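**Student:** Just dropping this structure here.
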Amino acid sequence: MQKEYPMRNPLRSLVTRRSFLAGSAGAGATLAAAGCANTQSTTPAATPKKLAIIHTNDTHGHDLLDNESLGLAAAAQLRTDYQNKGYEVLLLDAGDLLQGEPLVGQSKGHAGIDFFNQAGYNAVAVGNHEFDYGQDNLRQCAEEASFPLLSANIIVAETGKTLMEPNTVLTLEDGRKVGVFGLITPETKTSVNTIFVEGITFLAGSELYQCAQAQVDELRKQGCDLVVCLAHLGEEETLAPNRTCDVVEHVSGIDLVIDGHDHQEENVTLQDASGNPTLVVETGCFTHAIGVVTWEDGKLASTLVHHGSYDGQDGTVAAAVQKVNDEVEASLSAVVATTAFDLDGNRDPGVRTKETNLGDLFTDALLWGAQVKAKRTPDAAITNGGSLRASVEAGDITLEDVVSVYSFINTLCTVEVTGAQLLEVLEASCSACPEPLGAFPQVAGLVFSIDTSVPYQKGANYPNSDYASPAKPGSRVTIQQVGDRPFSTDDTYVIASTDFTCNGGDTYYVFAEAAKQGLENTNELITDVFADFLRDACKGEVPEQYRTAQNRITIA
């Protein structure tokens, strides 16, 4: 049975849902065979009404107004403001709403869905972090949503059908139609815990382009006057050939792309495959800004509303978010430690580009946790820098800070590797350095250096991954010491890490191979290990040695 998305306000656009759950969205698929629901059209008004598209991306639970974020109540109020100016308004998002701040993370994203329902979103793309609590949880969230969660390039391997709804058609009051479809980065297969994406395929490269073109063609066939792609793809060079610009270059007929994933601000017009203009916009992240695209007289124009430049708040949405925030803060208010200095969990420059003091503290916690809780004694600890999601300011460190730093439901593991395997892991995870990469390692018990003057030499791609293995491990990375002994490629080492990396997440495929010979999962949550380390090992106060990074990683 098709799920309906009833109107929450009769003054808003009529949303007519199109479901392709019964059809194939694979490369070259004929989407017309998908059993689409018919949309009702009306005679267009003599003078089409102006349209405003309010858009967000990568909110990650920053749904409450604070000293950096506008929150969802601002997006809802902007909708009202533009309605009062005579615009019809759509509210769209490019993904990553379920995971991040404890405000949504504590409920595995269900609170985030409720906030988006309250704000009146019309459609949202599925982002990679929507998979952080597993496919069943994502399906439950989709059922709770009063808007469609869209992605056209996630294919169930067993059936060849799309996992989520590929698109929706929004019929405006004057009868014009806006077609919206979603795309997700193929990087998802390695950027989330691999056990959560089993049995599904993420179309990439030429198949991604063909999938997008099929969506555009189908939406045009349905009479859509404006085609919008909610693209959780990004523009980082390491994401090629699956970036938004790659899709635009190979696809004809997308009018507007609302981008996400790479947390950048963007407002650029690109040429599509037919030489026609495609407007690409992105707000950055965390509701630091909210985007507005207007469509008047057939022309698109874009602006960003930044934090500090707008103080509008929808009272109903603000109250709903505040209520949950108060409950979460109360449950996570316990102080586990104090710090006399800031702990750096920034993205770039930060944990994705270099060693940071937070990275040192956190991996020391993993090393300590494995020493206490694992059956075999670890020599070192590694985590991917992209797993550290927030900085910690000087002062009290609460449980809320702990789960803000590490907002994933992962467990502490150990894996035994050879020196040669360890060298390959570090060479691969440092492949983009000095450019940012989520795989970049934060380490404990390890001392190594990276020579960025030497280009990364790509070997074959790791299985089921867009990451290339290093052709010559050791050409850029040199390991000086592991634990208390000099490094040797012939020695074996026990490494403490998370089940994400030990299952081959990011560039850590070698860990997954080694894990086949013996993975020890302590089943201790990483957040519990980190909190226990701060309370017990640090005795409630972050030691002075962590004021700066400790020169475990040298970058030249």
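**Student:** Taking the Cβ of Gly369 as the centre, find all other residues whose Cβ is under 11 Å away and add up their charges (Lys, Arg: +1; Asp, Glu: -1).
**Tutor:** On the way: positive: Lys373; negative: Asp364, Glu524, Asp528, Asp532, Asp536.
Once all neighbours under 11 Å are counted, the net charge is -4.
**Student:** Would you mind calculating the gained length between Ala319 and Glu249 on full extension (0.36 nm times residue separation, minus the Cα-Cα distance), in nm to one decimal?
**Tutor:** 20.9 nm
**Student:** Once amide H atoms are placed 1.01 Å from N in the peptide plane, what residues at a sequence separation of 5 or more from Gln481, or on another chain, have their amide H within under 5 Å of its amide H?
**Tutor:** Close amide H contacts, sequence-distant or interchain: Val447, Phe487.
**Student:** So what is the calculated 222 nm ellipticity per residue for the chain, using -39500 (n - 2.57) for each DSSP H run with n of 4 or more, over all residues, to the nearest 500 deg cm²/dmol? Present the calculation step by step, with values, prior to reporting the outcome.
**Tutor:** Details: 14 runs with 135 residues, N = 556.
One gets -7000 deg cm²/dmol as the mean residue ellipticity at 222 nm.
**Student:** For a 18 Å ceiling on Cα separation, which of these pairs sit above it: Lys49/Lys299; Lys375/Lys539; Lys49/Lys177?
**Tutor:** On the way: Lys49/Lys299 13 Å; Lys375/Lys539 24 Å; Lys49/Lys177 12 Å.
Pairs exceeding 18 Å: Lys375/Lys539.
**Student:** Excluding same-chain residues fewer than 8 positions from Lys458, which lysines have a Cα within less than 30 Å of its Cα?
**Tutor:** Straight-line reach from Lys458, under 30 Å: Lys189, Lys354, Lys472, Lys516.
**Student:** Another question about this same structure. What lysines could a cross-link reach from Lys323, if we take a straight Cα to Cα line under 22 Å and drop same-chain neighbours fewer than 8 places away?
**Tutor:** Lys323 reaches Lys108.
**Student:** Could you work out how much longer the chain between Arg139 and Glu329 gets when fully extended? Use 0.36 nm per residue separation minus the Cα distance between them, nm to one decimal. Kindly include the intermediate steps, with their values, before the conclusion.
**Tutor:** Working: separation 190, 0.36 × 190 = 68.40 nm, distance 2.72 nm.
That works out to 65.7 nm of additional length.
**Student:** Evaluate the distance, in nm, between pseudo-label points positioned 7 Å from the Cα of Ala273 and of Thr418 along their respective Cα→Cβ axes.
**Tutor:** Spacing of the two 7 Å Cα→Cβ label points: 4.5 nm.
**Student:** Sticking with this one: Counting only C-alpha contacts under 8 Å and six or more residues apart, can you give the relative contact order of the chain as a whole percent?
**Tutor:** Values: 1400 pairs, mean separation 79.6, N = 556.
Relative contact order of the chain: 14 percent.
**Student:** How far, in nm, would the chain grow between Lys49 and Gln517 when pulled straight, counting 0.36 nm per residue and subtracting the alpha carbon separation?
**Tutor:** Length difference between fully extended and current span is 162.1 nm.
Bear in mind these aren't lab numbers, they're just calculated from the coordinates by the rules spelled out. Since we're looking at a predicted model, the values are computed, not measured. We place every Cβ from the backbone using ideal geometry, glycine too, and count neighbours over all the protein chains shown.
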